[in-house]
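The values are calculated or read from the model by the stated rules, or taken from the named source; none is laboratory data. It should be emphasised that the depicted structure is a prediction, and the values quoted were computed from it without experimental measurement. No Cβ is skipped: glycine too gets one built from the backbone with ideal geometry, and neighbour counts run over all protein chains shown.
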Amino acid sequence: MLVDDTIYAYSVGRIRSLETRLLEQGRYDRMIDTSSGEEALKVLAETDYAAAVAELAGVHDFEQMLGAELKNTFDLVIGISPRPELISILALRYDVHNLKVLFKAKYLGVKSDLLIPVGTVELAGLEYAVNEDDYRDLPEKLRHAAEAIVEDFTVNRDPQVIDLTLDRVLYDQLISSARDKGSAFLEGLFARQIDLINLKSLVRVKRMGLDREFIKKVLLPHGLLATDRLISLIDEQLESMITAFSMSEYAGLVEEGVRDWLEKGTASRLEKLSDDYITNYLGQGKWKAFGPEPLVGFLWAREIEIKNIRLILVGKINKLPAGAIRERIRNAYI
C-alpha cells in the first residue's frame with residue numbers, strides 16, 4: 001500500500017519543535033553529579049518536567065511521574081499523526097509489559113509498582129482480566145496468550161512461560177501489523193529489536209549452561225539473524241559469538257557487550273548498547289522531511305529519556321557511585 005508521505009508535513013513540523021526540548025547529555029551529567037535524588041530532581045525541575053516534579057510528594061514517587069509523562073507523549077504523537085494506527089502499534093509492548101507484571105504478581109508474589117499507563121488496553125481492564133481469570137475482553141492474540149499462560153502454569157508451575165509466551169505473541173503481532181500496514185520502516189525496526197533480544201537470550205542461556213532445546217523455545221522468529229545460526233552457537237564458547245557476528249551490523253555491539261558480560265557477569269552493558277543501536281538506527285530517519293520516521297524516532301527518544309531519568313534517580317536513591325550510573329546512561333537522541 002503506497003502512502004503519500006507529504007501527509008506528515010504538519011506532524012513532522014511539530015516534532016521538530018518538540019525535539020528541541022529533549023534532555024541533552026549535559027543535563028544527565030548534572031543530575032548524576034548531584035549529592036542525592038532530591039538534588040537530582042531539582043536539576044530536572046529546570047526543564048519541561050518542572051510541573052510534574054512540583055507535584056511529587058517525594059523522590060521515591062518518581063515512577064508515577066514518569067508513567068504519566070510517557071502516556072502524555074504517546075497521546076500527543078498519536079494525536080498529531082495522520083496515520084495514528086502506526087504509532088498505536090508501538091504501544092502493544094506496554095500491554096505485554098503490564099501483563100507480565102500482573103501475572104508475576106499473581107503467580108509468584110512478585111509485587112511491583114511498574115505498571116505503566118500506556119498500551120492498547122486500559123490498565124483496569126488488564127488488572128480485572130488477570131485477577132478474575134476472565135480474558136474475554138482482551139484483544140484476540142493477547143487473550144490466547146493469557147489463556148495459554150494460565151493453562152501451562154497451572155500444570156508446570158514454570159514462571160518462564162510468562163515471558164516466553166508474551167514476548168512471542170508481542171513480536172508476532174508487531175511484525176504482522178507492520179506488514180499489514182505496508183510499513184517496511186517499522187518492520188525493519190521490529191526485526192532488529194528481535195535480533196537484539198535473541199542475541200541477549202543466547203548469551204544468557206549459554207551463561208546458564210542450558211541446552212539447544214531450551215534456546216529453541218526462547219528465540220523469537222522474524223529477525224534478520226537466522227535462528228538456526230544462533231542455535232548452532234549454543235555449544236561453542238561465548239567468545240565465538242564475537243567472530244560469528246564480526247561481519248554483521250551488530251559486530252561492535254556484540255564484541256563490546258559480550259566481553260563486558262564475560263568480565264563482569266552482568267548484561268547491563270549489552271542492554272545499553274542495544275538501546276544505543278536502536279537510537280542510531282532511528283536517527284537515520286530523523287531528518288526526513290516527510291514520513292513516520294521522525295515521529296517514531298521522537299517517541300523512542302522520549303522513552304530513552306524517561307529510562308535515563310529512572311536510571312539516575314534509582315542510582316542516586318541507592319547511593320551508587322556517579323561512574324556506575326553514568327556507564328548505564330543511554331545516548332541521547334540529539
Specify which of the listed residues (Tyr107, Tyr94) is outside the structural domain of Leu23 (by TED's automatic domain parsing), aromatic (Phe, Trp, Tyr), crowded, with 16+ Cβ neighbours inside 10 Å and in contact with a Ser or Thr (Cβ under 9 Å, 6 or more places away or on another chain). Tyr94
Residue check for Arg229: modelled with pLDDT of 90 or more, not assigned by TED's automatic domain parsing to the domain that holds Ile162 and not aliphatic (A, V, I, L, M): yes
Does region 45-65 contain any residue that is in contact with a Phe, Trp or Tyr (Cβ under 9 Å, 6 or more places away or on another chain), in a helix (DSSP H, G or I) and within 18 Å of Arg330 (Cβ to Cβ)? no
By residue number, the members of region 69-89 that are modelled with pLDDT of 95 or more and aliphatic (A, V, I, L, M) are Leu70, Leu76, Val77, Ile78, Ile80
Can we say Leu270 is of a type in the set (A, V, I, L, M), under 28 Å from Ala332 (Cβ atoms) and assigned by TED's automatic domain parsing to the domain that holds Leu99? no
Pairs under 9 Å by beta carbon, first residue surrounded by 15 or more Cβ atoms within 10 Å (Cβ to Cβ) in region 53-70, partner of a type in the set (Asp, Glu) and assigned to a helix (DSSP H, G or I), six or more apart or different chains? Val59/Glu38; Glu69/Glu305; Leu70/Glu303
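Residues are listed down the side, and each one gets a yes or a no for (1) over 23 Å from Lys141 (Cα atoms); (2) of a type outside the set (A, V, I, L, M); (3) in a helix (DSSP H, G or I):
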{"position": "Gln173", "(1), (2), (3)": "no, yes, yes"}
{"position": "Glu187", "(1), (2), (3)": "no, yes, yes"}
{"position": "Arg192", "(1), (2), (3)": "no, yes, yes"}
{"position": "Ile197", "(1), (2), (3)": "no, no, yes"}
{"position": "Lys200", "(1), (2), (3)": "yes, yes, yes"}
{"position": "Val205", "(1), (2), (3)": "yes, no, yes"}
{"position": "Glu213", "(1), (2), (3)": "yes, yes, yes"}
{"position": "Lys217", "(1), (2), (3)": "no, yes, yes"}
{"position": "Leu220", "(1), (2), (3)": "no, no, no"}
Residue set Ser81, Ser35; condition surrounded by fewer than 19 Cβ atoms within 10 Å (Cβ to Cβ) and of a type in the set (S, T, N, Q); output residue Ser35
Those residues of region 18-44 which are of a type outside the set (D, E, K, R), under 25 Å from the mean Cα position of the chain (by Cα) and under 18 Å from Phe62 (Cα atoms), in sequence order: Leu23, Tyr28, Met31, Ile32, Gly37, Ala40, Leu41, Leu44
Any chance you could count how many residues in region 130-142 are part of a helix (DSSP H, G or I), within 21 Å of Gln160 (Cβ to Cβ) and not β-branched (Val, Ile, Thr)? 2
So Leu282 fits all but one of (1) modelled with pLDDT of 90 or more; (2) within 29 Å of Glu213 (Cβ to Cβ); what number is the exception? (2)
Number of the condition not met by Leu126 [criteria: (1) assigned to a helix (DSSP H, G or I); (2) loosely packed, with under 11 Cβ neighbours inside 10 Å]: (2)
Top-ranked residue in region 79-109 [being within 30 Å of Ala9 (Cα to Cα) and without any contact (Cβ under 8 Å) to a residue 12 or more places away in the chain; ranked as farthest from the chain's Cα centre (by Cα)]: Gly79
